[in-house]
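This report concerns only the one structure given below.
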Amino acid sequence: MVEIHPDHTFIPTLRDNLNNPNHLSNWEGFKLAYQAAKINTVPNFDGLLALEHLPHVQFLDHQIEAAERVIHQMNGRAILADEVGLGKTLEAGLILKEYMIRGIARKILILTPASLVNQWVQELNDKFYIQAASPRKKQAAWSDWDVTVTSIDMAKREAHRQEILSIPYDFIIIDEAHKLKNHQTKNYQFVQELKKTYCLLLTATPIQNKLSDLFNLVSILKPGYLGNLTDFKKKYRYEANKQGNIEHIHSLVGKMMIRNRRKDTGLDDSKRIVVNERLKFTEEEQKMYQELELLKSDHPSFTWLTLAKELCSSREACYMSLNQMRQQSNEQTMAVYSKFIEQLQQLPHHVKAKRMIELISETNEKFIVFTEYRATQFYLQWYLQQHGISSVPFSGKFNKSKRDWMKQLFKNQAQVLIATEAGGEGINLQFCHHMINYDLPWNPMRLEQRIGRIHRFGQEHDVKIYNFAIENTIEDHIMKMLYEKIEMFKNAVGDLDHILEQIPGGSFDKQIQTIIDQSDSKGEIDIKLNNLVSYVEHSISERRETS
């Protein structure tokens, strides 16, 4: 339904001009204005004028082609979904510069995670000669700036929300757009309400768990293009002729999304060398892990699974949860938790931490270590210090200045950067080519984002990735399923999209959680995980045969 709203704002100006004819332009003034407009008129829209204005930036072929396609074929509304490290920011900057040179875009808003605001401002100013501003918390006059860079969280605050929503933006760029995958969140609804003529969504992972992630992103750019969500799910997930439907959705989305893959750009000079390391618990650690598994029969699955995962990371991470559970428990269960805490205190240093020290001590080169838990992060920093190895922490909870400071300390002084999952986004660390995945995520897209911090355009060395897992634990199951049987690393992000499309009954994480929750033994978990893997492998093989 199209709503037509009459605009009467011109009437006061018209009445004033009629009452005061001298306000109207004379013929000489009109001719001068016409000549000036003619000089500034671009004869056609072929090619990119911005390239002549940016001779100092060496754009790659795929970046120029992406910009031309967005401008000529997509009417300035697109998802830029290149694999991590292929230069989505450069593509977006080139497109924006082109629209600005042609006089099409003046009022611009760029929304990024808070950790990337300074990075965007610097890139726009230094590389594209676009004067961008990043308003501070107490500054409210958003209309004063032509090019504004801020975070969604800041923009949607009550103090700023209404003013920003009232501004008719010519061009909006949203970085890390996969965070908008849930259409029920306030962030998504805020972005939908923004007045925007042209819009770019940047994400290396347009599908993180399920196909509806992509539906929600497309709906920001072109509401109704893929129908409504209910019909979309029914048509593309549950109908029998699924392969045909998937090909159809790819065709539709291809008109809204550009996805360059590393292998297709000729930039895959640096290789990924992946080493999966299965480590053995000490006898004490193994005994405690087995006792934690016994909790499953008497406690919610979340309890034992959380503790089991944390014990695979560090005793500190496990202690934090056990202590919290003890404080919230009754007398009967308090004794159980207290017993576990006493056992924890007797455990030696974690086998993963010892292996990490061995790897880092073999070379003077830099390492980035990813963990899932803040408690483990603190423990590892302390443990590295005990062995004379300098390190810095990195977390998404740090403010912008501290994040920048930590990155500079890592680049110029420290040998190791220890990052939590929240800190893995938006840090470009091409100067480092060693990574330890101390804890493995259950979602392969999250792992791909981690690797993309160092395996990206500009990396001059082969990238070595160590994946840790404890034998005969839930970690071991995940490593076998995600990173060996499906060969996630060989498929890389290009095929990950299709792999995740094949998962029945919800997201990848939820499927694994359900399998573990509803299984009574390790053998049953193995069978169900193998069935899930077989389903995915069969779907991929069918796709390759028909393509």
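Taken over region 175-208, the criterion of being surrounded by fewer than 21 Cβ atoms within 10 Å (Cβ to Cβ), in a loop (DSSP other than H, G, I, E, B) and of a type outside the set (D, E, K, R) is satisfied by N182, H183, Q184, T185, L194.
Scanning region 354-382 for residues that are under 30 Å from E460 (Cβ atoms) and either in contact with a helix residue (DSSP H, G or I) (Cβ under 6 Å, 6 or more places away or on another chain) or not small (G, A, S) (or both) yields a count of 20.
The residues of region 392-406 that are basic (K, R), surrounded by 15 or more Cβ atoms within 10 Å (Cβ to Cβ) and either in contact with a Cys (Cβ under 6 Å, 6 or more places away or on another chain) or at pLDDT 75 or above (or both) amount to a single one, R403. A count restricted to region 338-358 and to residues that are buried (at least 19 other Cβ atoms within 10 Å of the Cβ), not hydrophobic (A, V, I, L, M, F, W, C) and not in a loop (DSSP other than H, G, I, E, B) stands at 1. Only a single criterion out of (1) surrounded by fewer than 19 Cβ atoms within 10 Å (Cβ to Cβ); (2) in contact (Cβ under 8 Å) with a residue 40 or more places away in the chain; (3) part of a loop (DSSP other than H, G, I, E, B) is not satisfied by D439, namely (1).
Being in a loop (DSSP other than H, G, I, E, B) and not hydrophobic (A, V, I, L, M, F, W, C) is the filter; apply it to region 209-235 and report the residue that is surrounded by the fewest Cβ atoms within 10 Å (Cβ to Cβ). Restricting to residues being in a loop (DSSP other than H, G, I, E, B) and not hydrophobic (A, V, I, L, M, F, W, C), the top hit is G224. Residues that are at pLDDT 55 or above and of a type in the set (D, E) within region 498-523 comprise D509, D517, D520, listed in sequence order.
Taking the criterion of being at pLDDT 90 or above and small (G, A, S), the residues of region 115-167 that qualify are A132, S151, A155, S166.
Please go through region 151-196 and pick out each residue that is among the hydrophobic types (A, V, I, L, M, F, W, C) and in contact with a Pro (Cβ under 9 Å, 6 or more places away or on another chain). Selection gives I152, M154, A177.
Filter region 449-478 down to residues that are of a type outside the set (A, V, I, L, M) and farther than 30 Å from R315 by Cβ, then give me how many there are. Total satisfying the criteria: 9.
Scanning region 440-459 for residues that are among the charged types (D, E, K, R), over 17 Å from V275 (Cβ atoms) and at pLDDT 80 or above gives a single hit, R453. Of the residues that make up region 241-257, is at least one at pLDDT below 80 and part of a loop (DSSP other than H, G, I, E, B)? So far as region 241-257 goes, yes, one or more of its residues are at pLDDT below 80 and part of a loop (DSSP other than H, G, I, E, B). Of the candidates I172, I130, the single residue that is in the same structural domain as D213 (by TED's automatic domain parsing), closer than 20 Å to T89 by Cβ and either free of Cβ contacts under 8 Å to residues at least 60 places away in the same chain or surrounded by fewer than 17 Cβ atoms within 10 Å (Cβ to Cβ) (or both) is I130.
The values are calculated or read from the model by the stated rules, or taken from the named source; none is laboratory data. Quick caveat, the model's predicted, so the values are computed rather than measured. A quick note on method: Cβ atoms are made from the backbone with ideal geometry, for glycine too, and the neighbour counts reach across all protein chains shown.
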